[in-house]
Structures are given as structure tokens and as C-alpha cells.
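Before any comments, here is the structure.
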Number of protein chains: 2
Amino acid sequence: MEKTFIFGHKNPDTDSITSSLVMENLEKKLGNGEAKAYRLGKINKETEYVLNYFKVQAPEILENLEEKSNVILVDHNNFSESAEGIAKANILKVVDHHCIANFETSSPLFYIAEPVGCTETILYELYMMNKVEIEPKIAGLMLSAIISDTLLFKSPTCTKKDEEVAKELAKIANVDIESYGMEMLKAGTDLNEFTPEELINLDSKESEAGSAKVQVAQVNTACIEEVLKDKEKIENAINNFIKTNGRNLFVFAVTDIINSNSQIIALGDRTDIVEKAFNVTLKDNMAFLPGVVSRKKQIIPVLKENA
Amino acid sequence: MEKTFIFGHKNPDTDSITSSLVMENLEKKLGNGEAKAYRLGKINKETEYVLNYFKVQAPEILENLEEKSNVILVDHNNFSESAEGIAKANILKVVDHHCIANFETSSPLFYIAEPVGCTETILYELYMMNKVEIEPKIAGLMLSAIISDTLLFKSPTCTKKDEEVAKELAKIANVDIESYGMEMLKAGTDLNEFTPEELINLDSKESEAGSAKVQVAQVNTACIEEVLKDKEKIENAINNFIKTNGRNLFVFAVTDIINSNSQIIALGDRTDIVEKAFNVTLKDNMAFLPGVVSRKKQIIPVLKENA
């Protein structure tokens, strides 16, 4: 068996990192000994907390992907969020929970996606389908990603299945979901050491709304004001990003994970899309969006519909 | 629950027709009473034989798809092979065994694809996953599609899984695979009543090879000469198709299912791709391709690689 590269999206979050590790575990149990997890960027604070807690090493960074390399994609399918050279790779499998966009293969492949809150919920089903036992450490990684993606089941992306699977995993991992989950999410909100440039790139997705090129970045926090104390510097970083990367709209969402709201900064020449989408008037380039926590369900589709 | 439209690709083959019916059965058993199978074209002779044998009614033809209709796609994902209006439909699920191309959704969905020979092999797994029993009639439909897509396990697209699933289904349906399968395949080779225009459209797929727009049509037969007795009329039909639909290459493959070979007619301004791909020189626009029976594995990818 040739080497198989497993990885999640750029700007990796806890789901992308742990899903790569969990998929490596599953592939090895299924006999693909050459499967190995990689990452496409820096480990964030939340993921660092998870890996330390369960004493698991972070995947190596993927330096380059040679032509015809065997790859397995987790937690993404969009080539623009994937590794350089993905278009010429040999994609064996995809396990994902996003819409399908900018994805194409010349051969049939194993592709499973479900409209659930987290990739790990689907991976749990694959363990069940293949009758492979989940070790406590692996269960801990999987549980952490579900907590992360669903903000402890509070996000509208969370499904009944995510919650049921999380409960099963918590038993195997032997952790209390509420207390562990809150600690983990809080660890992720420690944004102090990031520069404004890093902040707006921590978890950032490219998208399109009508003819507009859009970038939506998101950070989680326990205190919105704390993140926005350097608002002007963040705006400068966003404007630079817009210029360098040719975007019509950049939305930076600062999400309060305690109260489930978001404050957004919107810049670019198409901020009208934001005003129409959320029926707000931007003041100082900002708007407060009560109840909005999910980029995938509550921001990107709304922008698309109103472009 | 709102109405859900289930359908396979245009120019439906046995897999597309039976998978729609089987998916309707599964959805109903899972509580979606409003799911209904449709078809996007005429039933072919082979499928007619199958439906008669198992006493199942053909799905209704899909007349039009309103905006935001709920749909489930089986046996295809490419919008160009799907219903008119698919881009504005609400795609709930896809069950498929092809490469992913020209497919995009704005919301996450249930998508399962596997590199197996037939959609029904994946549907069998979905019955197992959901612990739903397969009735003899349904098993018969599923088995027929596997036999059809794999040419009784002789096609290189056939996997071990297809063969294993077919054996299980044959037990439930209580049919002998070999004798039933041969009769069914032969029924499909009765091409006498088709006009040349119909022949080249019976099972025809659009594709791209480099910058060339390509159409690859295929018919199965027990006697290649019999199909090509009106070669000139077929060539006229192909040339008309090329003009009307703007293709650079049309490959019409006449596949001998007894001996597992194909005779092809290639027309258009890029027949050089065919000559390079199969290392042949076209004579009278024709070439004989020994061992070639699968458009998906042995024709389309080879054309793409050599464009």
C-alpha cells in the first residue's frame, strides 16, 4: 500500500485536526498501515488544549503534496481550502459535513457527507459500520471536535445525532461533557497573543455571494469587547487582506460563546450585502447579530441569498 | 413532510430506474411517505424486461422540477445529466458511484458515493445501516442493476463488494444469477426497433477531455455487425448531433457483452484524441477495442488523459 495523506482544511480547527488523527486510526485498523494524518496550518489554542488533555501529538505539517499522491480529505472538500496541488492528487476518500463546492474528481471515490454538526459524528458511524472499537483517547478527540463545532450543542448546526454520538463518546472517554467542554471552549478564546493579521486568519473561509468574492472569518470569545479593543488595527489588517487577495467583502465575526451572539465587522465595496442580509445598518463598520453563532448556517447562506 | 422527487440520470439505464424505485422504498420505510421515484426518459428494453419480470410499475416521467423542490439524486451527480432546474432544487441526498463533477450545493447534504460498480450496492449498505429488511421484489430490482452495470461481473468496474451483494440479493429474490442475468442482458440487446437517432441517445454521456467537448454513447449487443449494418445512417445521426450540440468528439461504442469487446465509431474534429488514447488508427471512422466494455473505467478516463 502506498502512503496516504490525511488532512483537514487550511486554518485548521479542532474538527480538522482531530478528524485527521481519528481517520488515521480508523484506516490503520482497516489495514491501511501507510495512512498518516497531516495538518495544513498552525494548531489553535483550543486544539492545543484537547491534544494536551488526551496526550496526543499534533499531526505533522504537510509541506508539499506530490502529483498523484493518495489523499483522504476530512472536514472539507473545497479545493481552495485544501492543500496546494490537491487538483492533481489521487483522492481516495472524503469524509465531510459541508456543502459540496469546487470539488471534482476524474475517478469514482468513497465520499460520505451528512448534514450534521461535525465530521466526527460521521466518523463515529464509520467505526460502527466497520465494527471497529473506539479507544478512550480517540473517543476524547472525537468528542472534543463535536463540542467545538456545535459550541456545546448550542449552534443551530448541531443535530440530534451529534448530541447522541457525543454522549456515547463521553462515556468511552470518561469525561464530563459540560465541565470539560466549557474548559476546552474557554481555552480556545484566549486570543491575547495573536496579532490582528493572525486573528483574521485563524478560521477564515473564502466564498462567493453572487458575483462578489467574500471572506468570512470567525473567532470565539467569552468577551467581545476584549477582542475588539484593537478594532482599528483589525480593520487595517482586513483592508490589507482585501487589497492583497481581491475580495469584495470581508466579514469578521466575533462570536460570544457564552451568550450565543456575534458582533461583526464588515469591510469592502460590497458591505451592502451584509446590510441587506441581516437587515442592519453598519455603524463604524459593525453590526450586532443576536443569536448568530454559525458561519455555515447563519452567515454564509444568508449572504449568498442576498447578494 | 413535503414531496421528495427521486430520480437517476437522463437516458436512464436499469441502475437509474431501479435505484429510484429502491430509494423510494427505503425512504418510505424510514418515514418519508412523500418520497416518489421518477424517471428522466424512456425505459430501455433491458429495464422493461426487469420491471416485467418482477411485476413492478415503471416510475412516472418527471415533467418539470419547480424551484426549491426537494430532490434525491441516485446514480448521478452531474447537473448536466440531471433534471432541468436541478441547480435551483433543494438536494437532500445523493447516492452515487460516479466521479464528482459539475455538482454544487449551498447547504450541507447527505452524500454517499463509493467506487463500486453499481448504485444498488451502496443502497444495499444503506438498508443494512438502517436495519431495514429488503423484500424479494426490491432485491430483484437491485440485483438486476448490479448485473446490468457490471455485465454479469465481467466489467472492470465490478468490485468484490458488488459480487457479494449480488449473491445476497439473488438469495432474497430467489433467482439464479447466471441464467436470469443472461436473459436480462440479452433483452437489452434488442436494438431493432430504434432509429439511428435513438440508438446514439439510448445511453449517452457528455464529458470533457482537455478543452474538447466530448460525447460518449454506448449500446450493448450480442452481435456487433447487426448493430452496425446501418453504419452510414448512424454516422449521419452522430454528425447531426455534433452540429446541433456543439461537440468536438463523439464516440459511439458498440459493446459485445458475450465476448467483452467494443467496436467504436468516432467522429468530430478531435478524433485524434481517440487515436492517441487507444493507440489506434481509425479506419472508416472505426476502431476495435479488445477487452473494453466500461465507458466509465476504460473509455472516458483514457480520453481525458490523452486530450
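The values are calculated or read from the model by the stated rules, or taken from the named source; none is laboratory data. Bear in mind the structure is a predicted one, so any value in this text is a computation, not a measurement. Cβ sites come from the backbone with ideal geometry, for glycine too, and all protein chains shown count toward neighbours. Please note that ligands, DNA and RNA were not included when accessible areas were found on the heavy atoms of the full protein model with its side chains. Shrake-Rupley method; radii C 1.70, N 1.55, O 1.52, S 1.80 Å.
Okay, here's what the table says:
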{"quantity": "Failed item, numbered, when B:K68 is tested on (1) surrounded by fewer than 20 Cβ atoms within 10 Å (Cβ to Cβ); (2) within 22 Å of B:K137 (Cβ to Cβ)", "calculated": "(2)"}
{"quantity": "Qualifying residue in region A:119-137 (condition: open to solvent by 10 Å² or more (accessible area, probe 1.4 Å), more than 13 Å from every other protein chain (Cβ to nearest Cβ) and basic (K, R))", "calculated": "yes"}
{"quantity": "Positions within region B:219-245 being closer than 26 Å to B:I100 by Cα and modelled with pLDDT of 95 or more, in sequence order", "calculated": "B:F241, B:I242, B:N245"}
{"quantity": "Qualifying residue in region A:247-261 (condition: within 14 Å of chain B (Cβ to nearest Cβ), within 30 Å of B:K88 (Cα to Cα), in contact (Cβ under 8 Å) with a residue 12 or more places away in the chain and outside any loop (DSSP other than H, G, I, E, B))", "calculated": "no"}
{"quantity": "From the options A:L73, A:L65, residue that is under 25 Å from B:P108 (Cα atoms) and either part of a loop (DSSP other than H, G, I, E, B) or within 14 Å of chain B (Cβ to nearest Cβ) (or both)", "calculated": "A:L73"}
{"quantity": "Residue within region B:101-116 that is open to solvent by less than 20 Å² (accessible area, probe 1.4 Å) and more than 12 Å from chain A (Cβ to nearest Cβ) present", "calculated": "no"}
{"quantity": "Within region B:15-46, considering residues that are in contact (Cβ under 8 Å) with a residue 40 or more places away in the chain and of a type in the set (S, T, N, Q), the one farthest from B:F5 (Cα to Cα)", "calculated": "B:N44"}
{"quantity": "Exclusive hit being at pLDDT 95 or above and surrounded by fewer than 24 Cβ atoms within 10 Å (Cβ to Cβ), set A:L40, A:L73", "calculated": "A:L40"}
{"quantity": "Count of residues meeting criterion [open to solvent by less than 30 Å² (accessible area, probe 1.4 Å) and either more than 14 Å from chain B (Cβ to nearest Cβ) or touching a residue at least 60 places away in the same chain (Cβ under 8 Å) (or both)] in region A:264-281", "calculated": "6"}
{"quantity": "Checking B:I17 against (1) at pLDDT below 95; (2) in contact with a Lys or Arg (Cβ under 8 Å, 6 or more places away or on another chain); (3) buried (at least 24 other Cβ atoms within 10 Å of the Cβ), the condition it does not meet", "calculated": "(1)"}
{"quantity": "Sole residue being away from chain A (no Cβ under 12 Å) and not in a loop (DSSP other than H, G, I, E, B), chosen from B:E178, B:E193", "calculated": "B:E178"}
{"quantity": "Test: residue in region A:140-156 that is over 17 Å from A:D13 (Cβ atoms), over 19 Å from the mean Cα position of the chain (by Cα), of a type outside the set (A, V, I, L, M) and surrounded by fewer than 20 Cβ atoms within 10 Å (Cβ to Cβ)", "calculated": "no"}
{"quantity": "Matching residues in region A:292-306 - criterion: being part of a loop (DSSP other than H, G, I, E, B) and either open to solvent by 40 Å² or more (accessible area, probe 1.4 Å) or within 12 Å of A:I273 (Cβ to Cβ) (or both)", "calculated": "A:N306"}
{"quantity": "Members of region B:60-90 that are over 20 Å from B:G33 (Cβ atoms) and of a type in the set (V, I, T)", "calculated": "B:I61, B:I86"}
{"quantity": "Residue under evaluation B:K161, criteria (1) assigned to a loop (DSSP other than H, G, I, E, B); (2) over 22 Å from B:K283 (Cβ atoms); (3) in contact (Cβ under 8 Å) with a residue 12 or more places away in the chain, criterion not met", "calculated": "(1)"}
{"quantity": "Any pair with Cβ under 6 angstrom, 6 or more apart, that starts in region B:184-200 at a residue that is within 15 Å of B:E48 (Cα to Cα) and ends at one that is part of a loop (DSSP other than H, G, I, E, B)", "calculated": "B:L185/B:I257; B:T189/B:A222"}
{"quantity": "Cross-chain or 6+ apart pairs with Cβ under 7 Å, region B:138-158 first and within 16 Å of B:V116 (Cβ to Cβ), then open to solvent by 10 Å² or more (accessible area, probe 1.4 Å) and among the aromatic types (F, W, Y)", "calculated": "B:M142/B:Y124"}
{"quantity": "Flag for A:K55 being open to solvent by 10 Å² or more (accessible area, probe 1.4 Å), touching a helix residue (DSSP H, G or I) at 6+ places or on another chain (Cβ under 8 Å) and either under 21 Å from A:E133 (Cα atoms) or of a type in the set (V, I, T) (or both)", "calculated": "yes"}
{"quantity": "Selection within region A:109-131 - closer than 17 Å to A:S20 by Cβ and touching a residue at least 40 places away in the same chain (Cβ under 8 Å)", "calculated": "A:C118, A:T119, A:E120, A:T121, A:L123, A:Y124, A:L126, A:Y127"}
{"quantity": "Complete set of residues in region B:228-246 that are free of Cβ contacts under 8 Å to residues at least 12 places away in the same chain, charged (D, E, K, R) and either in contact with a helix residue (DSSP H, G or I) (Cβ under 8 Å, 6 or more places away or on another chain) or farther than 29 Å from B:L152 by Cβ (or both)", "calculated": "B:E232, B:K243"}
{"quantity": "Looking only at region A:82-98, and only at residues there that are open to solvent by 40 Å² or more (accessible area, probe 1.4 Å) and either among the hydrophobic types (A, V, I, L, M, F, W, C) or assigned to a helix (DSSP H, G or I) (or both), the one that is modelled with the highest pLDDT", "calculated": "A:L92"}
{"quantity": "Filter result (under 14 Å from A:A217 (Cβ atoms) and within 12 Å of chain B (Cβ to nearest Cβ)) within region A:295-307", "calculated": "A:K296, A:I300, A:L303"}
{"quantity": "Selection status of B:A187, among the small types (G, A, S), surrounded by fewer than 21 Cβ atoms within 10 Å (Cβ to Cβ) and under 17 Å from the mean Cα position of the chain (by Cα)", "calculated": "yes"}
{"quantity": "Residue check for A:S179: of a type in the set (S, T, N, Q), open to solvent by 60 Å² or more (accessible area, probe 1.4 Å) and farther than 23 Å from A:G41 by Cα", "calculated": "yes"}
